[in-house]
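Here is the structure we will look at, set down as structure tokens.
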Amino acid sequence: MISTIKRILGPYKEKFYLWQCAIFDLKRFNQFYSSKYDSDLTRENLSAWILQDKHRIEKALTLPKPRLKFGEIAVTRLIQNLNRYLAEFGTSEEFYFGIGALRAYKEFHKQSGVTIPNFFDVGELSEYFSDNMSARVGTIGNSELNKLHTKNYTDVFKEFCLERYSCRNYKPDLVSGEEFKKVMELAIKAPSVCNRQHWKVRVFTGEEKNRILKYQNGNIGFTENIPHVALVVSDLSAFYKANERNQPFVDGGIFAMNFIYALRAYDISSCALNWCNDVFVDKDFYKQGYLRNSETVVLAVAFGYESEDARLAKSPRKNVQEFYHYDA
């Protein structure tokens, strides 16, 4: 009798879980994202607005023929947010990225022999234009990049991609903080929407690592063997429109692959682990304080130095032609 009831109610129970998870995700996104109508912006919200408007200016300067006096809305908003950020939080890296975009905008019009538009009213912000930090924003010529391509990157990258496998057998040795910083210096070159760089990696070891992995369902059989587990997360504070609701996971996925490749570049093996949890697990996880409330988990990554006797699954891929349609 009980089994019959479970069989009948099973599909409805699953649908009920789906709606619970959807409502939970909706509430979290609504709580932390910032629309253009919000006035109570957090530091993270302001940083995101500065980075996206900075990027709008920067990418416009890379167009074949940049339009003169472009971007009134983005430039005006960037100036307002930079003044607000300076008043509330002082200077920071994001602040200087914004300053750099304004400086590049000014230099573009100067080099074009055109008067700066009236809406470009930077006021006291111009005092920061000469700072070296602002010089990190702007454009570089293609000829400068071509100098980097003297090596045969195609063959090297092809070999690099084809020899990467997921590892489930590691040495006990830990990756040092210095080595991990090198990994991250490569990983953060991943693209993100408007270059907002909202992803973060939180690394756990020891008993803390084991507690984290209890929330993940793909590490059975090698939990104790994993030296480190990293949570790749996206900060919902970096988003400002409802149509960006999926972007934390899109950008987070792109970053995760770059992170896995960066690990491999330093001879560190890894295994991507899903984060398929329902609302109850998510709530408990946040209750434990493993993340900031505005952060959402994209996936987990086990990593460490591969054991000499590790066996790797061949994981064959389907025929490549099944993955694309190319209408030449």
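Projected area of region 36-94, taken from the Cα convex hull and averaged over every viewing direction, in nm²? Taking a quarter of the hull surface, the average projection is 4.3 nm².
Averaging 1/r across all pairs of distinct Cα atoms in region 69-199 and inverting the result yields a Kirkwood radius of 18.7 Å.
Over region 195-314, calculate the relative contact order: mean separation of alpha carbon pairs under 8 Å at least 6 apart, over the residue count, as a percent.
On the way: 152 pairs, mean separation 42.4, N = 120.
The value is 35 percent.
Think of a 1.4 Å ball rolled over the protein heavy atoms: region 98-248 then has 59 Å² of accessible area per residue. Based on Cα atoms of region 62-136, Rg over Rh with Rh as the Kirkwood radius reads 0.96.
Highest average first, the peptides 58-65, 203-210 ordered by how many other beta carbon atoms sit within 10 Å of their residues are 203-210, 58-65. The aspartates and glutamates whose alpha-carbon is closer than 16 Å to the alpha-carbon of Lys59, local same-chain residues fewer than 8 away aside, are Glu72, Glu107.
For region 194-328, the equivalent ellipsoid built from the Cα gyration tensor has semi-axes of 25, 24, 14 Å, listed from largest to smallest.
Rg over Rh for region 214-281 works out to 1.02, using Cα positions for both radii and the Kirkwood form for Rh. Report note on the peptides 21-34, 152-165: ranked by the mean count of other C-beta atoms within 10 Å, highest first, their order is 21-34, 152-165.
Which value, in debye to the nearest 20, gives the size of the charge dipole of the chain about its Cα centre, when Lys and Arg are +1 and Asp and Glu are -1 at the Cβ? Before the final figure, lay out each step's value.
Numbers: 45 positive and 40 negative charges, 183 e Å.
That gives the chain a dipole magnitude of about 880 debye.
For region 237-311, the orientation-averaged shadow of the C-alpha convex hull comes to 6.8 nm² (one quarter of the hull surface). Over all pairs of different C-alpha atoms, region 1-117 has a mean inverse distance whose reciprocal, the Kirkwood radius, equals 17.6 Å. Can you find, among Ser126, Cys276, Leu291, the residue sitting farthest towards the positive end of the charge dipole of the chain, where Lys and Arg contribute +1 and Asp and Glu -1 at Cβ? Checking the options against the dipole of the chain, the answer is Cys276.
Just the number, please: percent antiparallel of the DSSP beta bridges in the chain, rounded to the nearest 5.
Working: 21 of 22 bridges.
Around 95 percent antiparallel, to the nearest 5.
Size estimate for region 129-288 follows the Kirkwood approach: the inverse of mean 1/r over distinct Cα pairs works out to 18.4 Å. Have a look at Ala242, Ala87, Ala302 and tell me which one the Gaussian network model of the chain (Cα, springs below 10 Å) gives the largest fluctuation. Looking only at Ala242, Ala87, Ala302, the biggest GNM fluctuation is shown by Ala87.
When the pairs Lys27/Lys189; Lys27/Lys283; Lys65/Lys106; Lys27/Lys214; Lys171/Lys209 are compared against a 19 Å limit on Cα-Cα distance, Lys27/Lys189; Lys27/Lys214 fall above it. Distance from the Cα centroid of region 82-130 to that of region 234-266 is 28 Å (rounded to whole angstrom). Of the solvent-accessible surface of region 14-92, computed with a 1.4 Å probe and all protein chains present, 57% belongs to carbon and sulfur.
Could you check how many percent of all C-alpha pairs in region 6-61 are farther apart than 14 Å? It works out to 70 percent of all Cα pairs.
What helices in the chain pass both tests, a Cα length along the helix axis of 24 Å or more and a mean Kyte hydropathy of 0.0 or higher, using whole DSSP H runs?
Numbers: long enough: 2-32 (43 Å, -0.14); 43-60 (26 Å, -1.06); 72-89 (25 Å, 0.14); 93-111 (26 Å, -0.66); 247-265 (27 Å, 0.74).
Helices passing the filter in the chain: 72-89, 247-265.
Extension gain, Ala313 to Glu159: 0.36 nm times the residue separation minus the Cα-Cα distance gives 53.7 nm.
Return one quarter of the surface area of the convex hull spanned by the alpha-carbon atoms of the chain, equal to its mean projected area, in nm². Present the calculation step by step, with values, prior to reporting the outcome.
Numbers: hull surface 95.2 nm².
In nm², the orientation-averaged hull projection of the chain is 23.8.
As a fraction of the 1.4 Å probe accessible area of region 224-274, surface on carbon and sulfur atoms comes out at 50 percent. Across the chain, Cα pairs under 8 Å and at least six residues apart give a relative contact order of 22 percent.
Roughly how big is region 269-314's charge dipole about its Cα centre, with Cβ charges of +1 (Lys, Arg) and -1 (Asp, Glu), in debye to the nearest 20? Don't skip to the answer; put the middle values down first.
Details: 5 positive and 7 negative charges, 26 e Å.
That gives region 269-314 a dipole magnitude of about 120 debye.
The values are calculated or read from the model by the stated rules, or taken from the named source; none is laboratory data. Given the structure is predicted, the values throughout are model-derived calculations rather than measurements. Heads up, the Cβs are rebuilt from the backbone with ideal geometry, glycines too, and the neighbour counts pull from every protein chain shown. What goes into the accessible areas is simple: the full protein's heavy atoms, side chains included, and nothing from ligands, DNA or RNA. Shrake-Rupley method; radii C 1.70, N 1.55, O 1.52, S 1.80 Å.
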